[in-house]
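Below: one structure, written as structure tokens.
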Amino acid sequence: MAAAFQSNLHLRYVPMPEKPDVLVLRSPRGTVGVARVRCQSGGIGRFGSPEPEDAFLVSHHLSNFRSDVWVDGVLVEKPANIAGLTTIHDYRRTIDCHMHSAFDTLTFHLPRSLLESVCPDVRGSRLQDLAIEPSRPVKDPTVTALASAMLPALAFPERISLLYHDHLCSALATHLVTAYGRTNEVRSGGALAPWQEKRVKEMIAANLDGEIRLADLAAECRLSVGHFVRAFRRTANTTPYQWLLQRRIEHAKTLMRDGSQTLAGVALACGFADQSHFTRTFSRLVGVSPRAWQQRNAATPARRVKAAAGSEPSTHRQILQEAVAARI
């Protein structure tokens, strides 16, 4: 049995009536898992310890619940109201838990290898440990914000791009190392070199669906993920994922000006899961809906007739017909 163990990633030690769905991202620096774990009717009782593993489970509690947690045989103190707090479990410790009531929690499984990868590229720099009280709830506004960003995406996992998931997990890992890590870190203030910036932006623009990992972009620049994310922000004044969204929106504007595709077609051509996903993102970033923007900015039939001069007769006639119809 012990030989078959690989990771606590899928939370198999939790005796849930239905096993939670874990969104998994595999990268050369470790496998990350995100899951919403909830029980709506009563507690699930006591369950045994997870297997020892060099990893951490970050649990952000979305509701109040009653439980008892022991770490290495010692009962952990916690407040009565736990909703909105965050618990960091260290899988190297012996953890036992008894859940007495219904609960709702968002969890992030983070291997130590991922935390180490966000340390700066300085000779001898290494994560020693997290300075935490294992399994004791704390108030962490940054984790709360990241959890709020991830929750809507978990409702539609098919819309989550690798870059978006990778970005959130990297942000969480960077925060944990910054806020709780004990390292011999020496900070670096460098930006991307021109060749690095050019190559990375080309790679992102060529993958508007977001199916590219931060690890791939960092490797192309010969940097660690953590160093790359910081250098990209200093260079572009934004994150790689936000830069990707801007490229999607700019490409969508080009297609909508042309007017030859439906909004659903534009959404798919620009890497969005569907038209509703495109509409929400476009409206948030631009301030108006795609349809309203297109009505203001699309080429008029007269301009399209002029642009079509010299085109095939059939195409020219079709555009003229559309121009006449637009006046009716």
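Estimated at 0.36 nm per residue, the fully extended path between residue 74 and residue 275 surpasses their Cα-Cα distance by 67.1 nm. Only protein atoms count toward the accessible area here, which uses a 1.4 Å probe; on segment 1-184, the carbon and sulfur part of that area reaches 51 percent. Straightening the chain between residue 94 and residue 10 buys 28.5 nm, computed as 0.36 nm per residue apart minus the Cα-Cα spacing.
Cross-link reach is defined here as a Cα-Cα straight distance under 27 Å, omitting same-chain residues fewer than 8 places apart; for residue 78 the lysines meeting it are 19, 139. Does a label point 7 Å from the Cα of residue 40, set along Cα-to-beta-carbon, have any residues of segment 146-170 with amide nitrogen under 17 Å, and which are they? Hits in segment 146-170 for residue 40 at 17 Å: 155-156. Just check segment 1-184 against the gyration tensor rule for me: Cα atoms, a ≥ b ≥ c as the square roots of the eigenvalues, rounded for a/c under 1.5, and otherwise prolate or oblate depending on whether a/b exceeds b/c. Verdict is rounded for segment 1-184.
Sequentially through segment 167-173, phi angles give Karplus couplings (6.51, -1.76, 1.60; θ = phi - 60°) of 5, 5, 5, 5, 4, 5, 4 Hz, Gly and Pro residues having no value and appearing as x. Per residue, the solvent-accessible area of segment 26-80 (1.4 Å probe, heavy atoms of protein chains only, all protein chains present) comes to 51 Å². Label sites at residue 144 and residue 47, each approximated as a point 7 angstrom past Cα along Cα to Cβ, lie 2.7 nm apart. For the peptides 259-267, 70-78, 110-118, 49-57, the ranking by packing is 110-118, 49-57, 259-267, 70-78, with the highest mean count of neighbouring Cβ atoms within 10 Å listed first. The phi torsions of segment 92-100, fed into the Karplus equation with coefficients 6.51, -1.76 and 1.60 and a -60° offset, translate into couplings of 7, 8, 8, 10, 10, 9, 10, 9, 9 Hz, rounded to whole numbers, with Gly and Pro shown as x. Scalar couplings 3J(HN,Hα) for segment 76-83, obtained by applying the Karplus form with A = 6.51, B = -1.76, C = 1.60 to θ = phi - 60°, are 8, 7, 7, x, 5, 9, 10, 4 Hz; x denotes Gly and Pro. Accessible area ranking (1.4 Å probe, heavy atoms, ligands and nucleic acids excluded), largest first, for 209, 68, 166: 209, 68, 166.
Expressed as a whole percent, the accessible area of segment 194-297 that falls on carbon and sulfur atoms is 46 (1.4 Å probe). Summing charges over all other residues whose Cβ lies under 12 Å from the Cβ of residue 253, with Lys and Arg as +1 and Asp and Glu as -1, gives +2.
The values are calculated or read from the model by the stated rules, or taken from the named source; none is laboratory data. Quick caveat, the model's predicted, so the values are computed rather than measured. So basically every Cβ, Gly included, is an ideal-geometry build from the backbone, and we count neighbours across all protein chains shown. Side chains are part of the model used for accessible areas, which takes the heavy atoms of the whole protein and leaves out ligands, DNA and RNA. Shrake-Rupley method; radii C 1.70, N 1.55, O 1.52, S 1.80 Å.
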